[in-house]
Amino acid sequence: MDFSAISTEQLPQLLLDMPKAELHIHIEGSLQPEMIFQLAQKNGITLSYPDVASLRAAYAFTDLQSFLDLYYAGASVLLTESDFYDMTMAYLQGAVADHVVHAELFFDPQTHTERGVPIEYVFNGLHRACQDAKARWGISTHLIMCFLRHLSEESAFETLEAALPHRHLFMGVGLDSGERGNPPEKFARVFAKCKALGLRLVAHAGEEGPASYIENALDILHVERIDHGVRCVESDALVQRLVSSQVPLTVCPLSNIKLCVFKTMQQHNLPALLSAGLNVTVNSDDPAYFGGSVNVNFTELFKAHPGLGAKEAWQLAKNSIDSSFVSQDQKNQWLAQLNDFFTAAVAVQ
Ligand code: ADE
Ligand code: ZN
């Protein structure tokens, strides 16, 4: 493909319209302040903020934990199956507008079961929304259940046990929440059990935690993708390993800026990782909290890095499809769609 035939004027629209997969999105992080207030009112929950504007004004984070405190407070308005359904439909409708053909959604059952919400409300609400979105808009989805790493191994095992009646509804498991002081090895036995059950494995690592957390997620948890992973650059050997293994990193540029992992988008290392040959993808993480959807992430990243062009856009979209947990046949269909899309853009010239 002659990417040089695509003009810089064309690029912003191509980023928005190209088919892509989103592999790192916490569905509870898609809950917009307006919906938080609407659900709080419906469910008789009093929030610590008087209105949407003051809640939004509190979205000025200094690190991961300062965000998580608000994120868990926001999720506390979710009580019924229809709350989970409405939240998921709202995200998927936006994803369709972003030309996301496939989304792998993280969800945190412990955030809800700890408040007495039955786990089946979570599974049923999410699953029904995924089914309806597929029927209405054609978008494909997988669900990935995350364990909260600040909680105990015992709590993770209990969650897995409670989720097993719904095993057919989720594709894999992940590990999220506060990274520092909660290394991957804390969940070695949980992940071994999940692997034995045939679940696909991913984990957050190298967001705030050191490069060794990425190595331990690979060597001890045997994950297939690393969520974030941007701190891999602190080990040359690890960078080499990620290049040769092509283990995907699901990077979230706006999240990293909002949580002060990088000071500015210009300083974000995604372009350097991509040109070094790592399998990186662009994702939104928690779109309601960090400034926007996957397309906003693409737009802001490319605006801050003029060296990124059509070839890099294509590569990032291709990586997202290649790194998903769908069948090779399905990947081939979307990859053909992606190539047709770029071929048409070249032909415009
Ligand atoms: N849960 C939701 N967003 C997260 C993030 N960026 N890191 C860890 N846990 C999270
Ligand atoms: Zn995340």
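Going through Arg180, Arg149 one at a time, which residue ends up being closer than 23 Å to Val233 by Cβ, surrounded by fewer than 17 Cβ atoms within 10 Å (Cβ to Cβ) and within 14 Å of ligand 1 (Cβ to nearest atom)?
Working: Arg149 fails: surrounded by fewer than 17 Cβ atoms within 10 Å (Cβ to Cβ).
Selected residue: Arg180, the only one of Arg180, Arg149 that is closer than 23 Å to Val233 by Cβ, surrounded by fewer than 17 Cβ atoms within 10 Å (Cβ to Cβ) and within 14 Å of ligand 1 (Cβ to nearest atom).
Identify, from the list Gln13, Gln93, the residue that is under 26 Å from Cys130 (Cα atoms), at pLDDT 95 or above and surrounded by fewer than 19 Cβ atoms within 10 Å (Cβ to Cβ). Break it down into steps so the answer makes sense when it comes.
Details: Gln13 fails: under 26 Å from Cys130 (Cα atoms).
Gln93 is the lone residue from the list that is under 26 Å from Cys130 (Cα atoms), at pLDDT 95 or above and surrounded by fewer than 19 Cβ atoms within 10 Å (Cβ to Cβ).
Take His168 and decide whether it is over 27 Å from Val261 (Cα atoms) and within 16 Å of ligand 2 (Cβ to nearest atom).
In short, no.
Scan the stretch 249-275 and report the pairs whose first residue is of a type in the set (S, T, N, Q) and whose second residue is within 12 Å of ligand 1 (Cβ to nearest atom), with Cβ atoms within less than 6 Å and a gap of 6+ or a chain change.
Matching pairs, first to second residue: Thr250/His24; Thr250/Asp227; Thr250/Asn283; Ser255/Asp285; Ser255/Phe290; Asn269/Val230.
For the stretch 222-232, how many residues meet the condition of being within 15 Å of Leu175 (Cβ to Cβ), touching a helix residue (DSSP H, G or I) at 6+ places or on another chain (Cβ under 8 Å) and surrounded by fewer than 24 Cβ atoms within 10 Å (Cβ to Cβ)? Can you show your working first?
Filtering the stretch 222-232 for residues within 15 Å of Leu175 (Cβ to Cβ) gives 222-229.
Filter once more, so that each one left must be touching a helix residue (DSSP H, G or I) at 6+ places or on another chain (Cβ under 8 Å): 222-223, 226, 228-229.
In the following step, the residues that additionally are surrounded by fewer than 24 Cβ atoms within 10 Å (Cβ to Cβ) were identified as 222.
Going through the stretch 222-232 one residue at a time, the tally reaches 1.
Looking at Tyr121, Tyr72, can you tell me which residue is more than 30 Å from Leu308 (Cβ to Cβ) and away from ligand 2 (no atom under 16 Å from the Cβ)?
The conditions single out Tyr121.
Let me confirm something: among Lys42, Lys20, which residue is more than 15 Å from ligand 1 (Cβ to nearest atom), surrounded by fewer than 15 Cβ atoms within 10 Å (Cβ to Cβ) and at pLDDT 95 or above? So that I can check it myself, show each step before the final result.
Details: Lys20 fails: surrounded by fewer than 15 Cβ atoms within 10 Å (Cβ to Cβ).
Lys42 is the lone residue from the list that is more than 15 Å from ligand 1 (Cβ to nearest atom), surrounded by fewer than 15 Cβ atoms within 10 Å (Cβ to Cβ) and at pLDDT 95 or above.
Could you check the stretch 272-290 and list, in sequence order, the residues that are buried (at least 17 other Cβ atoms within 10 Å of the Cβ) and either away from ligand 1 (no atom under 14 Å from the Cβ) or not in a helix (DSSP H, G or I) (or both)?
Leu273, Leu274, Leu278, Asn279, Val280, Thr281, Val282, Asn283, Ser284, Asp285, Asp286
I need a count of the residues in the stretch 168-184 that are acidic (Asp, Glu) and in a strand (DSSP E or B).
Start the filter on the stretch 168-184 by keeping residues that are acidic (Asp, Glu), which leaves 176, 179.
Subsequent filtering for residues that are in a strand (DSSP E or B) retains 176.
Qualifying residue count for the region: 1.
So which pairs qualify, if the first residue must be in the stretch 138-158 and under 28 Å from Ile321 (Cα atoms), the second must be among the aliphatic types (A, V, I, L, M) and in a loop (DSSP other than H, G, I, E, B), the Cβ gap must be under 8 Å, and the two must be at least 6 apart or on different chains?
What qualifies is Ser140/Val326; His142/Met171; His142/Val326; Leu143/Met171; Ile144/Met171.
Do you know which of the residues in the stretch 45-79 that are closer than 26 Å to Gly116 by Cα and among the polar types (S, T, N, Q) is surrounded by the fewest Cβ atoms within 10 Å (Cβ to Cβ)?
That would be Thr46.
Hey, Ile321 hits all of (1) more than 16 Å from the chain's Cα centre (by Cα); (2) crowded, with 17+ Cβ neighbours inside 10 Å; (3) away from ligand 1 (no atom under 14 Å from the Cβ) but one; which does it fall short on?
Here Ile321 clears every test but (1).
Output the residues belonging to the stretch 111-129 that are part of a helix (DSSP H, G or I) and of a type outside the set (Ser, Thr, Tyr).
Scanning the stretch 111-129 gives His112, Ile119, Glu120, Val122, Phe123, Asn124, Gly125, Leu126, His127, Arg128, Ala129.
Select, from Glu185, Glu224, the only residue that is of a type in the set (Asp, Glu), more than 16 Å from ligand 1 (Cβ to nearest atom), modelled with pLDDT of 95 or more and farther than 22 Å from Ser324 by Cα. Please lay out each step first, then the result.
Details: Glu224 fails: farther than 22 Å from Ser324 by Cα.
Among Glu185, Glu224, only Glu185 is of a type in the set (Asp, Glu), more than 16 Å from ligand 1 (Cβ to nearest atom), modelled with pLDDT of 95 or more and farther than 22 Å from Ser324 by Cα.
Could you please give the count of residues in the stretch 27-65 that are under 22 Å from the mean Cα position of the chain (by Cα) and either within 15 Å of ligand 2 (Cβ to nearest atom) or part of a loop (DSSP other than H, G, I, E, B) (or both)?
Narrowing the stretch 27-65 to residues under 22 Å from the mean Cα position of the chain (by Cα): 27-36, 56, 59-65.
With either within 15 Å of ligand 2 (Cβ to nearest atom) or part of a loop (DSSP other than H, G, I, E, B) (or both) added as a condition, the list becomes 27-32, 59-65.
Summing the residues that are under 22 Å from the mean Cα position of the chain (by Cα) and either within 15 Å of ligand 2 (Cβ to nearest atom) or part of a loop (DSSP other than H, G, I, E, B) (or both) in the stretch 27-65 gives 13.
Taking the stretch 207-227 on its own, how many of its residues are within 13 Å of ligand 2 (Cβ to nearest atom) and either without any contact (Cβ under 8 Å) to a residue 40 or more places away in the chain or part of a helix (DSSP H, G or I) (or both)?
Matching residues across the stretch 207-227 total 2.
Is it fair to say Leu105 is in a loop (DSSP other than H, G, I, E, B) and modelled with pLDDT of 95 or more?
Values: in a loop (DSSP other than H, G, I, E, B): no; modelled with pLDDT of 95 or more: yes.
In short, no.
For the stretch 280-289, check the following and say yes or no: at least one residue is more than 16 Å from the chain's Cα centre (by Cα), among the charged types (D, E, K, R) and at pLDDT 95 or above.
No; the residues of the stretch 280-289 include none that is more than 16 Å from the chain's Cα centre (by Cα), among the charged types (D, E, K, R) and at pLDDT 95 or above.
Only residues that are touching a strand residue (DSSP E or B) at 6+ places or on another chain (Cβ under 7 Å) and closer than 14 Å to Leu301 by Cα: list them for the stretch 238-254, please.
Val251, Cys252, Pro253
The values are calculated or read from the model by the stated rules, or taken from the named source; none is laboratory data. Predicted model only: the values in this text are computed from it and were never measured. Positions of Cβ are backbone-derived with ideal geometry, glycine not excepted, and every protein chain shown enters the neighbour counts.
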